[in-house]
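Worksheet: one structure, shown below.
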C-alpha cells in the first residue's frame, strides 16, 4: 500500500553534511518533494518533506532517519492557528500559495487544511490579528 506524508525533519549538526535525503530515494525507494529546507553543514537543519512510497519502504526509511539522529514529526504539529484570535478577515486566503486556506461559503469563516500547508510562513506575516504561528 502506498503512503504519502508531509513531515518535518530536524537535523543535528553532525548529520547536516550527510546525503540523508539521497539515501531515502536510493536505498528505500522513496520519492520526495522538498517543500522547505534550511540546511547548512555543521549547523542545526530543518527540512519539510513530502515522502511517498510503499508502506514498508516508508517505515524502513523513517527508521533509518531516526537511527541517523534526525528528529521527525508530522507537519501539522508545526502550524498553529489560534481560533480565538482569528477574525476571518481572509488575508491568509489571498496569500497562501498552497491554497491551504478557504472561505466557507455559507458561514464566511476561514477554514485551514493543514494537509495542504507547505509551511512557507506567508500567512503568518499576512495575518493582521496574529492568529497564526509556526513552531519549529
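Over every Cα atom in the chain, the radius of gyration and the widest Cα-Cα span, Dmax, amount to 16.9, 52 Å. Over what distance in Å are the Cα centres of the range 101-125 and the range 47-77 separated? First find each Cα centre; the distance between them is then 25 Å. For the range 2-76, relative contact order (Cα pairs under 8 Å, six or more residues apart, normalised by length) works out to 45 percent.
With a/c under 1.5 counting as rounded, go ahead and sort the range 79-134 into rounded, prolate or oblate using the C-alpha gyration tensor (a ≥ b ≥ c being the square roots of the eigenvalues; past the cut-off, prolate if a/b is larger than b/c, else oblate). Note, shape of the range 79-134 comes out oblate.
Taking R0 as 41 Å, what's the FRET efficiency between residue 40 and residue 104 from their Cβ-Cβ distance, rounded to 0.05? Before the final figure, lay out each step's value.
Details: r = 41 Å, r/R0 = 1.01.
Efficiency at R0 = 41 Å is approximately 0.50.
Using the Cβ-Cβ distance between residue 31 and residue 80 with R0 = 25 Å, the FRET efficiency computed as 1/(1 + (r/R0)^6) comes to roughly 0.30.
For the chain, what is the relative contact order in percent, using Cα pairs closer than 8 Å and at least 6 residues apart in sequence?
Working: 247 pairs, mean separation 33.6, N = 136.
Once divided by the residue count of the chain, the mean separation gives 25 percent.
What FRET efficiency would be calculated for the residue pair residue 63, residue 130, taking the C-beta separation as r and a Förster radius of 30 Å, to the nearest 0.05?
Numbers: r = 39 Å, r/R0 = 1.29.
Calculated transfer efficiency: 0.20.
Above 16 Å lies some portion of the pair distances; for the range 2-76, what is it as a whole percent of all C-alpha pairs?
Values: 1186 of 2775 pairs.
When every Cα pair of the range 2-76 is considered, 43 percent fall beyond 16 Å.
Estimated from helices alone, the mean residue ellipticity of the chain at 222 nm is -6500 deg cm²/dmol (sum of -39500 (n - 2.57) over DSSP H runs with n ≥ 4, per residue).
None of the figures in this text is laboratory data; all of them are computed from the coordinates on show. Because the structure is a prediction, the values reported are computed rather than measured. Note: ideal-geometry Cβ built from the backbone for every residue, glycine included; neighbour counts use all protein chains shown.
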